[in-house]
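First up is the structure itself, then whatever we jot down about it.
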Amino acid sequence: MEPIVVGTDGSPPADVAVEWAAEEAGRTGRPLHVLNATGHWPCDMPFHPAPGLSESLTETGDRILRAAVERALKARPGIDVTTELVHESPAEALRTAAGRAYEVVLGHRGLGGVAALLLGSTGLKVAGHAPGPVIIVRGGTEETRGEVVVGVDRSGESALALRYAFEAAAIRGAWVRAVHVWEMPSVTVTAYPAAIREGAAAAAELLAGVVAPWRQRYPDVRVIEQAPSGHRVGELVARSAAADLLVVGARVNCNGRYGLHLGSVSHGVIHHSHCPVAVVRARP
């Protein structure tokens with residue numbers, strides 16, 4: 001069975017990610033695989049490294065992994081936990097692990113502090129390239145709210161996001177809030193009130209059509225559909241305050257590949273969501 005992989009560097013946000021991943025492993029009945037990456041530089045330095053440097057980093061990595069296992073088992077006793085220490089960059093290690101994982105979990109920032117919130121951080125590199133779902137754990141995770149929010153648009157990635165959202169809701173006994181945000185030209189507000197009504201009706205119809213197959217596939221999952229006009233990131237972030245999980249699809253660039261930039265919506269919600277964010281993409 002594909003494991004849930006969680007990356008840790010021993011930082012407080014990583015500890016929260018380990019606990020979240022342990023709970024997820026318990027919910028899904030999957031094993032948990034905890035990964036720590038030391039980076040390339042101890043082995044790839046062009047000069048002779050200081051004596052004991054590699055051994056010291058290995059000892060630190062082992063200590064971090066032992067603490068993570070203890071934390072995971074405390075959060076969810078009885079789950080199957082394995083560990084791995086690799087001498088790669090965290091982003092490379094997690095992208096590699098994603099190929100054999102059910103999903104990859106990591107904290108919204110690590111020991112890099114504020115720098116980890118910037119484009120190019122481990123979280124954004126993994127979310128931008130790793131196959132399958134990537135969960136960035138942020139916001140409060142202690143309280144269970146019983147809601148999964150999913151962003152929906154016209155793209156094919158919406159089907160992947162909806163599938164993940166409905167599966168996550170079914171496992172949690174939660175309900176799905178499917179949100180399609182449409183943009184209204186400013187000139188329309190005062191000049192064409194009829195166009196506003198038509199735009200709202202078209203957005204609601206699009207949303208209903210996209211969600212309908214998943215309603216049928218998961219008849220026991222309660223669904224609320226909302227098609228507000230406004231700013232996509234702002235609307236999704238606002239709804240994340242009452243959710244256990246926010247799900248969005250990854251953006252495909254013009255070459256049919258997933259770029260490092262996730263698109264403004266995925267990038268924005270990763271930075272500002274009040275709950276964990278799942279960025280979902282197809283596997284190759």
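Derivation of every value follows stated rules applied to the coordinates shown; laboratory data play no part. These numbers come from a predicted model, not from an experiment. Positions of Cβ are backbone-derived with ideal geometry, glycine not excepted, and every protein chain shown enters the neighbour counts.
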Self-check item: FRET efficiency estimate (nearest 0.05) - Cβ-Cβ, residue 100 to residue 74, R0 25 angstrom
Solution: 0.45
Practice problem: Report the full-extension gain for the segment residue 264 to residue 194: residue separation times 0.36 nm, less the Cα-Cα distance, to one decimal in nm. | Solution: 22.2 nm
Self-check item: Nearest-0.05 FRET efficiency for residue 175 and residue 89, computed from C-beta distance (R0 30 Å)
Solution: 0.15
Exercise. Estimate the FRET efficiency between residue 63 and residue 282 by the formula 1/(1 + (r/R0)^6), using the beta-carbon distance for r and 45 Å for R0, to the nearest 0.05.
Key: 0.75
Self-check item: Burial ranking of peptide ranges 146-155, 5-14, 60-69 (average Cβ count within 10 Å, highest at the top)
Solution: 5-14, 146-155, 60-69
